[in-house]
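The values are calculated or read from the model by the stated rules, or taken from the named source; none is laboratory data. Predicted model only: the values in this text are computed from it and were never measured. A quick note on method: Cβ atoms are made from the backbone with ideal geometry, for glycine too, and the neighbour counts reach across all protein chains shown.
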């Protein structure tokens with residue numbers, strides 16, 4: 001998000017007044033705002049002013065700055081373990097530009113609120129697909145005047161709060177075509193010369209690198225490498241050369257500093273260094289290719 005912002009409006013401003021108490025939905029909240037500034041806290045304040053009965057679950061405010069794909073992956077993973085409710089997500093490098101602001105309903109009755117830049121697309125697909133969309137840029141629930149740089153406060157948080165309070169989605173803005181939503185396309189793994197070519201899709205704060213392949217692509221199936229737990233594999237990451245790693249169950253199975261390939265909590269393959277950083281060891285960043293072959 002951009003530079004300086006103005007203070008939040010008083011609760012009596014347009015879109016900001018408290019609604020009568022009703023059974024409120026849970027709101028999950030994900031951003032790249034971080035915790036050094038007041039952005040996330042101010043959004044909490046807006047929600048609490050409009051719908052104090054809502055329970056807000058902070059998924060994270062530590063999405064890497066402007067990294068829409070990382071935010072989308074985290075959101076998809078997290079909502080599998082949250083109640084059906086309102087899912088507010090803001091990673092918005094194009095705030096104030098032409099991207100749309102949307103609220104949508106999915107097949108399992110979740111409501112998502114955020115920028116239409118692909119951030120919501122992976123989670124929405126997993127939640128049964130999008131069945132209703134409204135454009136909320138001109139929502140009657142937004143706070144006025146709307147800042148050009150803080151739509152989280154002025155558009156997304158008020159809309160999420162109103163939906164949590166039981167207001168109908170159709171009242172949030174203008175109907176829109178679900179087919180017009182921006183979607184993210186993740187890279188697909190491929191096989192070449194006896195190797196499985198995976199892609200790094202996310203690097204967590206420990207330096208563990210999530211890949212876009214599942215363990216079945218190592219162990220079973222016609223295209224699998226035939227690698228089992230305990231086997232040694234060779235990993236090749238561009239100019240950083242070749243490395244030997246064990247296909248292991250967990251970090252504790254390896255000595256400190258050893259490289260391992262493992263199935264992470266989401267059921268996808270990942271690379272780690274026991275008590276270290278695989279991203280640093282292999283020189284990997286999101287989007288990079290990693291060649292995997294039996295050693």
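Being in contact with a strand residue (DSSP E or B) (Cβ under 8 Å, 6 or more places away or on another chain) and in a loop (DSSP other than H, G, I, E, B) is the filter; apply it to the stretch 52-89 and report the residue that is nearest to residue 287 (Cα to Cα). Result: 63.
Here are some residues: 269, 290, 260, 211. Which one is outside any loop (DSSP other than H, G, I, E, B), modelled with pLDDT of 90 or more, more than 24 Å from residue 68 (Cβ to Cβ) and not assigned by TED's automatic domain parsing to the domain that holds residue 70?
Working: 269 fails: more than 24 Å from residue 68 (Cβ to Cβ); 290 fails: more than 24 Å from residue 68 (Cβ to Cβ); 211 fails: more than 24 Å from residue 68 (Cβ to Cβ).
Only one candidate qualifies: 260.
Flag: residue 94 matches the condition of being more than 15 Å from the chain's Cα centre (by Cα), under 30 Å from residue 289 (Cβ atoms), outside the structural domain of residue 269 (by TED's automatic domain parsing) and assigned to a loop (DSSP other than H, G, I, E, B).
Per-residue answers, yes or no, for (1) part of a helix (DSSP H, G or I); (2) within 17 Å of residue 47 (Cα to Cα); (3) out of contact with any helix residue (DSSP H, G or I) (no Cβ under 7 Å at 6 or more places or on another chain):
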| position | (1), (2), (3) |
| --- | --- |
| 109 | no, no, yes |
| 119 | no, no, no |
| 128 | no, no, yes |
| 134 | no, no, no |
| 152 | yes, yes, no |
| 155 | yes, yes, yes |
| 160 | yes, yes, no |
| 167 | no, yes, yes |
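Conditions tested, residue by residue: (1) at pLDDT 95 or above; (2) over 30 Å from the mean Cα position of the chain (by Cα).
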| site | (1), (2) |
| --- | --- |
| 194 | no, yes |
| 197 | no, no |
| 204 | no, no |
| 217 | no, no |
| 222 | no, yes |
| 227 | no, yes |
| 235 | yes, no |
